[in-house]
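**Q** Sharing a structure, written as structure tokens. Questions coming.
The values are calculated or read from the model by the stated rules, or taken from the named source; none is laboratory data. Computed from a predicted model, the values in this text were never measured in an experiment. Cβ coordinates were reconstructed from backbone atoms using ideal geometry, including for glycine residues, and neighbour counts include every protein chain displayed.
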Amino acid sequence: MDRREEKTIETIYQAFTNLINTKDFDDITIQNILYEAKIGRSTFYCHFKTKNDLLLKISQDIFEHVFSHSLQEEKSHDFSKENIFDYKHYLTHIFYHIKDKKELIAGILSSKGNSLFINEFRNNLKVLANSYFNNYPYPTNSFIPLELKKNIAIDNFIVILKFWVDNHFEETTEVLTEYFTNLFIK
């Protein structure tokens, strides 16, 4: 992708971010996005088929990095020297990225049309949960089925994220990780 395409997509993403913080997802139209981004219809459709496609692509772009298996030094945090299987650091890394995109994510999560985002998030969390349970043997004497335990972990993480958004990101990322680990991992 060349720089012009990247800039156009960035402009569309920013327009969507502005809109999702003032309107519900279901109320945003392609025309709203075009107007906010100051682009033509053909430019939008060159990159996205629908606004759902736009939201899915935004979600995938966020999660592609957030759930990458390499922790890098970044503006808001540096876990580059940490072990990827240290789940406290990895979870904190995820929360940092959510905080970096808090304006967008808060808008999406407060919208009625957040199911695309939540489903994409859930799919990525499932990969993480599978990895966790593969690296940390599941007690055989537990009467809770492994798949149920994974789903409970995923749901707890999403509930903590929504709590954080509802409380305007007041808690630190480290505190959120402690909430999660105290609820589930310990």
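**Q** Being closer than 20 Å to Thr17 by Cβ, modelled with pLDDT of 90 or more and surrounded by fewer than 16 Cβ atoms within 10 Å (Cβ to Cβ) narrows it down to one residue among Glu103, Glu170, Glu174, Glu120; which is it?
**A** Details: Glu170 fails: closer than 20 Å to Thr17 by Cβ; Glu174 fails: closer than 20 Å to Thr17 by Cβ; Glu120 fails: surrounded by fewer than 16 Cβ atoms within 10 Å (Cβ to Cβ).
None of the other options fit; the residue is Glu103.
**Q** If I ask for residues that are in a helix (DSSP H, G or I) and within 16 Å of Leu19 (Cβ to Cβ), which ones from the range 42-55 would you list?
**A** Keep residues of the range 42-55 that are in a helix (DSSP H, G or I), which gives 42-47, 51-55.
Passing the criteria: Phe44, Lys51, Asn52, Asp53, Leu54, Leu55.
**Q** Checking the conditions here, which among Ala106, Ala129 is small (Gly, Ala, Ser) and under 19 Å from Leu183 (Cβ atoms)?
**A** Numbers: Ala106 fails: under 19 Å from Leu183 (Cβ atoms).
Checking each option against the conditions leaves just Ala129.
**Q** Return yes when Ile152 is of a type in the set (A, V, I, L, M), out of contact with any Pro (no Cβ under 8 Å at 6 or more places or on another chain) and touching a residue at least 40 places away in the same chain (Cβ under 8 Å) and no when it is not.
**A** Values: of a type in the set (A, V, I, L, M): yes; out of contact with any Pro (no Cβ under 8 Å at 6 or more places or on another chain): yes; touching a residue at least 40 places away in the same chain (Cβ under 8 Å): no.
No; evaluated as a whole, the condition is false for this residue.
**Q** Hey, among the residues in the range 42-100 that are over 24 Å from Tyr13 (Cα atoms) and of a type in the set (A, V, I, L, M, F, W, C), which one's modelled with the highest pLDDT?
**A** Within the range 42-100, the match that is modelled with the highest pLDDT is Leu91.
**Q** Within the range 143-186, how many residues turn out to be in a helix (DSSP H, G or I), of a type in the set (Asp, Glu) and either in contact with a helix residue (DSSP H, G or I) (Cβ under 8 Å, 6 or more places away or on another chain) or not assigned by TED's automatic domain parsing to the domain that holds Leu116 (or both)? Step through it out loud before you land on a result.
**A** Looking only at the range 143-186, we keep the residues that are in a helix (DSSP H, G or I), and these are 146-166, 173-185.
Next cut, of a type in the set (Asp, Glu) only: 147, 155, 166, 174, 178.
Still in the list and also either in contact with a helix residue (DSSP H, G or I) (Cβ under 8 Å, 6 or more places away or on another chain) or not assigned by TED's automatic domain parsing to the domain that holds Leu116 (or both): 174.
Residues that pass the stated criteria total 1.
**Q** Taking the range 9-41 as the region of interest, how many residues are among the hydrophobic types (A, V, I, L, M, F, W, C), outside any helix (DSSP H, G or I) and without any contact (Cβ under 8 Å) to a residue 24 or more places away in the chain?
**A** Just the residues of the range 9-41 that are among the hydrophobic types (A, V, I, L, M, F, W, C), to begin with: 9, 12, 15-16, 19-20, 25, 28, 30, 33-34, 37, 39.
Narrowing further to those that are outside any helix (DSSP H, G or I): 28, 39.
If we keep only those that are without any contact (Cβ under 8 Å) to a residue 24 or more places away in the chain as well, we get 28.
Residues flagged as among the hydrophobic types (A, V, I, L, M, F, W, C), outside any helix (DSSP H, G or I) and without any contact (Cβ under 8 Å) to a residue 24 or more places away in the chain within the range 9-41 amount to 1.
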